[in-house]
1. Do you know which residues across the range 94-103 are in a helix (DSSP H, G or I), touching a residue at least 40 places away in the same chain (Cβ under 8 Å) and acidic (Asp, Glu)?
2. May I ask you to verify whether Leu84 is part of a helix (DSSP H, G or I), free of Cβ contacts under 8 Å to residues at least 40 places away in the same chain and surrounded by 13 or more Cβ atoms within 10 Å (Cβ to Cβ)?
Amino acid sequence: MKPSVSIEVVVLLAGLLFALGIVGVIIRKNIIFMLLSVEIMLNASGLAFVAAGSRWGQPDGQVMFVFILAMAAAEVSIGLALILQIYHQHKSLDIDNLKEMNG
């Protein structure tokens, strides 16, 4: 059965999501938004893996996506713990303010 969406469209979408995540990490000053942008980048790479696995009829893309989800869950738990600790110590999540406090 032929997929209804071509692989080029899916890979283009994954690339756009990844670029959006990079822009979010670079532009945003709030640590939580930066963490969400990293999550967008991880999901974009997982989408590319699933699309590639679908293209060649192999389950490898789905297996890689499961590993990406596990890594993202670990990243979120550690990241949120660090964010809570930073907020507890500095009462701010703005990157610029944290740089000034450490300087």
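1. Within the range 94-103, Asp96 is the sole residue that qualifies.
2. Spelling it out, it is not the case that Leu84 is part of a helix (DSSP H, G or I), free of Cβ contacts under 8 Å to residues at least 40 places away in the same chain and surrounded by 13 or more Cβ atoms within 10 Å (Cβ to Cβ).
Residue-wise test of (1) loosely packed, with under 13 Cβ neighbours inside 10 Å; (2) in a helix (DSSP H, G or I); (3) modelled with pLDDT of 90 or more.
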| residue | (1), (2), (3) |
| --- | --- |
| Met34 | no, yes, yes |
| Ile40 | no, yes, yes |
| Leu47 | no, yes, yes |
| Ala51 | no, yes, yes |
| Phe67 | yes, yes, yes |
| Ala73 | yes, yes, yes |
| Ile78 | yes, yes, yes |
| His88 | yes, yes, yes |
| Ser92 | no, no, no |
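The values are calculated or read from the model by the stated rules, or taken from the named source; none is laboratory data. Small disclaimer: the values here were computed from a predicted structure and weren't measured. Glycine also receives a Cβ, built like all others from the backbone with ideal geometry; neighbour counts cover every protein chain displayed.
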